[in-house]
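To keep things clear, I will list the structure first and then write my remarks on it.
The values are calculated or read from the model by the stated rules, or taken from the named source; none is laboratory data. A quick note: this is a predicted structure, and the numbers were derived from the prediction, not measured. Reconstructed Cβ throughout: ideal geometry from the backbone, glycine too, with neighbour counts over all protein chains shown. Keep in mind that these areas ignore ligands, DNA and RNA; they rest on the heavy atoms of the full protein, side chains included. Shrake-Rupley method; radii C 1.70, N 1.55, O 1.52, S 1.80 Å.
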Amino acid sequence: MFLPNHGANPKQLIEALGKQIPNDLIDFSENTNPYGPPSAVIQFLNTDFTKTMTNYPDPHVTELTSKLAQFTMIPTKNILVGNGAAELIFLLANFFQGKRVAIVEPAFSEYRDACEAFECNVTSIVLSSPWHLDVNMVLSSISDIDVLFLCSPNNPTGVSYHKEEIIHLIEAAEKQGVYVVLDEAFYDFTEADCGLHQLVNRFSTLVIIRSLTKMFAIAGIRLGYLLANSDLITKLRIRQPTWSVNGIAQQVGLSLLKEDAFVEQTLLNIHQERRRVTSVLNDLDFFVSDSVVNFYLLAERDRKDLMPLLVFLLEKGIIARHTYNFNGLDGRYLRLAVKTRENNDQLMDALAMWRKR
Ligand SMILES: Cc1ncc(COP(=O)(O)O)c(C=O)c1O
């Protein structure tokens, strides 16, 4: 059985499980903003963008990089825009080719895939539930590695690590010349400002990855950026294919950075819904991870394998993200997105039926 390696892939999941595709599907395995994309994106896509489509895009992504510099208050020389954060992860893996990499897990599977593709020696530092950062455990492996990958808020747990702990790690790593790649793809879904981008001016071995596809629901358009010291940016840029960030993505990106009200409204909705859902699921005696973002992990109290629940939900038209390919989760959890109120109600009804069966 070949379960998909990522969420947002319902057809492959259904086929792998040998099921019929239900008429109505709600994809809780996809963790992009259910309220997006913002109207500015729709407006742009309704204009005549023939020229943007037929011309070669700006290979240096100049205008969007300047806008990101204003947005982050980080100089343009420290910013690299990519064809989604995923491309930036692969550029980093290319740069770190053959090096010793440690990944704090459970975590996004592309770090390992990318690093292994570039023949890095990859090891795991596996956190246990409730997945708070075990600083001592991470510190104890720092002397044996060249690069540490860390994701906060973390996919798939939704847990955000304390700023002071991350900074402590970055300081210790820098003293030993170890790079820290901090993936903040979901930082803009948090209520408390957890972004550590200002630190790239202070630490030459810190790399921060951001995605615009999650908050703005433009996963098909692809857009992300990376913040790091200017030498590293230059070394990554020469590895990036020319015109990697297409013209439509560059134009859409420019419209997104003015969407403060959209982001604010999303946060209000998401956090209200996540709290409501968590409370109902706890009452149904499920474990729910301590998430601060737009998805969470669900488990039975005894942490039994959740394949039966994955199939039960699928038969009700609800696609959950399995966790068989996450180190330390091994199918005993499902990752579920926080969606609209109506969709969340449908999920909770299905889970209530599971309890009563
Ligand atoms: C933690 C994390 N980082 C990066 C990415 C890649 O994002 P993008 O769509 O910008 O390539 C994802 C996508 O799921 C992710 O979960």
Inset, instruction - Assuming a ≥ b ≥ c are the square roots of the Cα gyration tensor eigenvalues, decide whether region 89-152 counts as rounded (a/c under 1.5), prolate (otherwise, with a/b larger than b/c) or oblate. - result: oblate
Legend entry - Antiparallel %, DSSP beta bridges [both residues in the chain], to 5: 45 percent
Legend entry - Space enclosed by the convex hull of the alpha-carbon atoms of region 39-97, per residue, Å³: 122 Å³
Legend entry - Cα-based reach from Lys163 at 21 Å (exclusive), listing lysines while leaving out same-chain residues under 8 positions away: Lys175
Inset, instruction - Identify unpaired cysteines across the chain, taking unpaired to mean no other cysteine Cβ lies under 4.7 Å from the residue's Cβ. - result: Cys151, Cys194
Legend entry - Calculated P(r) of region 169-289 - Cα pairs past 19 Å, %: 62 percent
Inset, instruction - Within region 1-28, which residues have the backbone N less than 16 Å from the label spot 7 Å out from Asp113 along Cα→beta-carbon, could you tell me? - result: 2-13
Inset, instruction - Sort 75-81, 62-68 for me by packing, meaning the mean count of neighbouring Cβ atoms within 10 Å per residue, highest on top. - result: 75-81, 62-68
Legend entry - Listed peptides 132-145, 99-112, 189-202 by packing density, highest first (mean Cβ within 10 Å): 99-112, 189-202, 132-145
Legend entry - Gyration tensor over alpha-carbon atoms, region 16-69, equivalent ellipsoid semi-axes in Å: 35, 16, 15
Inset, instruction - Treating each Cα of region 49-256 as an identical point scatterer and ignoring solvent, apply the Debye formula and state log10 I(q)/I(0) at q = 0.10, 0.15 Å⁻¹. - result: -0.40, -0.91
Inset, instruction - Work through the residues other than Cys151 whose Cβ is under 10 Å from its Cβ and net out their charges, Lys, Arg +1 and Asp, Glu -1. - result: -3
Inset, instruction - Summarise the accessible area of region 255-357 (1.4 Å probe, protein heavy atoms) by the percent that is carbon and sulfur. - result: 49 percent
Legend entry - Ordering of 5-15, 313-323 by burial proxy (mean other Cβ atoms within 10 Å per residue, highest first): 313-323, 5-15
Legend entry - Pairwise label distance in nanometres, Val135 with Glu315, each label 7 Å out on the Cα-Cβ vector: 4.9 nm
Legend entry - Descending principal axes extents, region 236-319, alpha-carbon based, whole Å: 50, 32, 27
Inset, instruction - Kindly provide the pair-distance distribution of region 205-357 built from C-alpha pairs, with 5 Å bins from 0 and whole-percent values in order of increasing distance. - result: 2, 8, 14, 16, 15, 13, 12, 10, 7, 4, 1, 0
Inset, instruction - On a C-alpha basis, how far is the centre of region 220-246 from the centre of region 248-286 in Å? Whole number, if you could? - result: 27 Å
Legend entry - Convex hull volume of region 281-350 per residue (C-alpha atoms, cubic angstrom): 93 Å³
Inset, instruction - Mind checking the per residue accessible area of region 86-177 for me, 1.4 Å probe, whole number of Å²? - result: 38 Å²
Legend entry - Paired Rg and Dmax values of the chain, which use every Cα atom, in angstrom: 20.3, 59
